[in-house]
1. Label 7 Å along Cα→Cβ of residue A:55; segment A:11-40 residues with amide nitrogen under 15 Å?
2. Based on the mean of other beta carbon atoms within 10 Å per residue, what is the order of B:700-709, A:134-143, most packed first?
3. Partner chain Cβ atoms within 10 Å, averaged over the residues of A:330-340 - can you pull that number for me?
4. FRET efficiency for residue B:776 and residue A:299, Cβ-Cβ distance as r, R0 = 60 Å, nearest 0.05?
5. Pull out a ≥ b ≥ c, the square roots of the eigenvalues of the alpha-carbon gyration tensor of segment A:197-321, then state rounded if a/c is under 1.5, prolate if not and a/b is larger than b/c, and oblate in the remaining case.
6. From the residues B:499, B:661, B:539, which one has its Cα farthest along the dipole of segment B:491-675 in the positive direction, the dipole being from +1 and -1 charges on Cβ of Lys/Arg and Asp/Glu about the Cα centre?
7. Consider a paramagnetic label point 7 Å from the Cα of residue B:132 along Cα→Cβ; state which residues of segment B:60-99 have an amide N under 13 Å from it.
8. What value, in deg cm²/dmol to 500, does the helix sum -39500 (n - 2.57) over DSSP H runs of n ≥ 4 give at 222 nm once divided by the residues of chain A?
Amino acid sequence: MASSSTPEHQQLAQAVNDGASAINAASTTEELRTVVSALTGKKGAISTIKSSLGKVSDVEMRKELGQLVNEALTSLQAIADSRSQQLRVGEFASVIESDRVDITEVAMSARATQRRGRLHLVTQATERLEDVFIGLGFQIAEGPEVETDFYNFEALNMPPSHPARSMWDTLFVESDEPGSVVLRTHTSPVQIRVMQDWPPPIYAIMPGRVFRKETPDATHMPVFHQIEGLVIDRGITFADLAGTIESFTKAFFGEGFTSRLRPSYFPFTEPSAEFDIRRPDGSWIELGGCGMVHPHVLRAGGLDPAEWSGFAFGFGIDRMAKERHGVNDLRDMYSDDVRFTEQFS
Amino acid sequence: MKILLSILREMADIPSDPEAVALALNSLGLAVEEMVVVGTPVEGVVTARINRMEKHPDAAKVTRCFVDAGDGVERHVWCGATNMSEGDVVPLATLGTTMPNGMNIARRGILGIDSEGMLCSEVELGLSDESSGLLILPKDTPLGVSPFEALGIEHDVVFDLDLTRNRADCWGHLGVARDLAAHFGVTLRGPRVDVITLGGASSLPVEIIAEENCASFSITHISGVTVGESPRWVAQRLAHLGMRSINNVVDASNLVMLETNQPNHAYDASVVASFRIRLAHSGESLVTLDGQTRQLHAEDLLICNASDDSGVGLAGVMGDLHSEIASTTTELALESAWFSPDPIRYSAQRHGLRSEASVRFERGTDPNGWSLAAERFVTILKETCPNVVLHASPTVVSTAYCPQPIPVQVSVSSVERLLGVRIEVSRIAEILSSIGFESRIEGDTVKCVVPTWRPDCAQEVDLIEEVARHFGFDNIGKTIPNSTVHGRLSNMQQRRRALRRVLVGLGLDEAMPSPFLAAGDLSRIGLTEDNVLHLANPLVADESILRTSLRPGLLRSLKYNQSHRAPKIGIWEIGHVYPKSSQQLPDESEQLAILVSGGDVETSLMQWNAICDALSVGAQLDQGRVPAGLHATRSASLTRGKKIVGVVGEIDPVVLDALGIEGRVSVLEIDLSVILNEEPKPVQARDINRFPSSDIDLAFVMSDEVPAVNLQRALRQAAGKRLVRIDLFDVYRGKGVAEGSRNLAFRLRLQEPEGTLTDSILAEVQQACVAAGEKIGAAIRA
């Protein structure tokens, strides 16, 4: 290797040294850019050395110096990059400092302006019930809220003038044939429609709005919601009804809850029962009615009672919402008062 | 329906523990609503004689009584009652006594003079619901003893049962006792009937003309009656069961009805000795026992005195005032009949008169219950009328319409098929026999005869229910059906849920206003009322119309919230509307409406875009068809061809002004019966085009008369297949743009499907766009 003590060597070493100092002395990104372009530009120290290399006569020496020049440039660039990084970090620190906010202040104003909407408590309860029943293998059927006497009463084993019709305070719709159109008093008419429209086996729930001629008070509304369940299959028994109610009880209320059936009467089921839910503390909730679908009802739905049997059950949705959220007055739930609504996230 | 434990226990040896009885009643479907213990002796209450009474000049309403409780000490007691006299024996609650209502008897006084106890009424002793002063005991009652003991007052339990519509038989104690006897496996004795001394045969004539309505009518002749007070136990039981004591005859009649479920009526046989049962003539009237004059209807059933064809009773409902027994009555004609349930129900409804009798007849009584009723009646009467005579050969007339015992059979396999549990044939027969169903086993089948007191049982399934009740619902077991159906939401239901999530995501609250409107609610907001349905029997006039739009309800909610300091809220409803149709049922459909107070047309369009995105749907905006009730220049119909699927924009400010709602209100309504039922195909992916793209910005000046979307459509067409997206990024009106026009700036992103976009192609597209704009009157801005 040739000696490194030629003037060119010395000049180069000096230029790199000076350059590094200048780069590290730059205090802003802008200044750094100026320094770097001065060093590496056409009139910079390195370029000057490079252009003077032509005068070196020794070919080997010229080659070596050329390589050294390139190395010097690379090393200066690396120093500049590192300095640049340092400077940017410093500069962002001040930008970040000037960005400072009070998070609690932002949180408060965000809360004031950005609120997610609320589903009505009844919708929330309905969806939760639907989800539980879907998990138990049920589908969801819907039907009209304005019904004919046939679907609301007659097909449910209550022929005209049947005394059990008085179990419901019915709202009638004016029609050419008075008394033939009603606001459905229960979701049970959907049972008949499902039997007529869906091929069995049927595992369906029927949530929806129902109507009674009742003056609103803390626990009654003329317009409220029920959910009905219908199972029609071969070989369905009362024990299946009791078992399904029990599964629902555990799935919806929790493992510690159990259910029991008590004899009752509905024109459209036989045997008929009330079902109660037992809380883990031993107290009972009277939930709803159920029973084995009456043979007359199966026939009204177009099914042969000799082949198919089934059970039905039903209960109020509003009460589920009321109990879950400790609502004292059902009228509040239907007030659409934002002061009430916004509580329930 | 009130039931007394004492009566039940006379009829069968059921447990005395009221809790055990209540549990059994509930498990049998005879739900106990309330259980009240009555006649419990009150510790500390003793009999006392009023020695003398004094009035105090400063206390006009009360009397000072000085009483002797048999212990030689004269006590002073203030008393507010007025029915007592000196020498009367009355109950005294001594100091320290706790009364049934929880009150403590302490030394208290008026005008500085203390009372050393309290003189008691029946109400205060928990013996009755009503009383008109102190309980006065017989003068010979010993002093200082328990008045309960002295009067022989029974400790009893009243069960208030919430009976189901089918259990007609349980409107009498006998039906309840029968179920309980079967449940506890004890014999049913029924009401106590003394061996009756029969008098000479005496048949009072009966003629039934209305054979369908009155299928059976019996008259029993009873003589040797003295009308007077009832025995204390009769009056007491009636009081517990909610009836007032009248006299020994009426009380016996009422108690028999409460015990056996056989309504009956006692006529003075010297006044009415022959009977005719016919329908009333129109114009006929009757004064019922309650003193009311009733104008009769041609369908009312009337019991008449056959001698002059005058009415003596509105059959099954109430007797007539003039043939009521008198204090001088000694001979009775006791009626027990079976009336067809429906006509009695209508008759009671017509006259607004639901009596204890009509309630029972309309549910169905036992056509064969008359004989037991008559014997029990005489048994009760015998206590006050030792010489009472029941005459032999009572008159019983039955018509072809009289219910007969029905043969029904039930098989082991039917029971198992319906209940899911195998019950031995012998057990089935045993259960049915125990509740009075005559049962005979034939192989695996039990052949039964349904007794006439169970009109609710007519077919096999009815018998299976009886078997289930007495076998015990809890013993049937719990199984899960083997379903082949899988649970899921339908496409429409999934889309409805997705829609709800979008709406709450937009910060909008779900509302659920009443679907009932008042007349004028729709027209007030610019909607037609031509197609509304009316309720025939609305609760209140303001809720007599079924809604045909969700808008009135939501506007009302906005107004309500504005008047409660919530000026700006966003609410929505998914609900049904019920416009009239040519069919029997209305054109019911599901709709969505979103209203935002303080929102404007842009608010509603933003909502529409969010819904379109979420549900992959769309529609054209047709500003030429301004929906009724909406802001004429800031609203549009959402259309698909000729079909309108919704509206978008703002509520007409005239409407808002009329309703008193402040600020703008944005509205979006969508017919969900269209939107939710669509099943958009899954979008098919396009490969990412990796060739470079270019943007060109084009600004046009166009008249306000031409919808911006026309220009966008023209540009889209002109740019052709190279157009990747087009956005309106600026709208400007004002200086430099002619009045009535605006500057619309679009950015078009262009890309070759295959290869690199060249400058010449870009220029070509730009030129085509400029030309397309010009064609519809939009001038390119230099």
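Just so you know, all these numbers are worked out from the coordinates, no wet-lab data involved. Because the structure is predicted, anything quoted here is derived from the model rather than measured. Reconstructed Cβ throughout: ideal geometry from the backbone, glycine too, with neighbour counts over all protein chains shown.
1. A:11-12
2. A:134-143, B:700-709
3. Average neighbour count from other chains, rounded to a whole number: 5.
4. Calculated transfer efficiency: 0.35.
5. Oblate.
6. Of the options given, the answer is B:499.
7. Of the residues in segment B:60-99, B:82-84 have backbone N under 13 Å from the label point off residue B:132.
8. -14000 deg cm²/dmol
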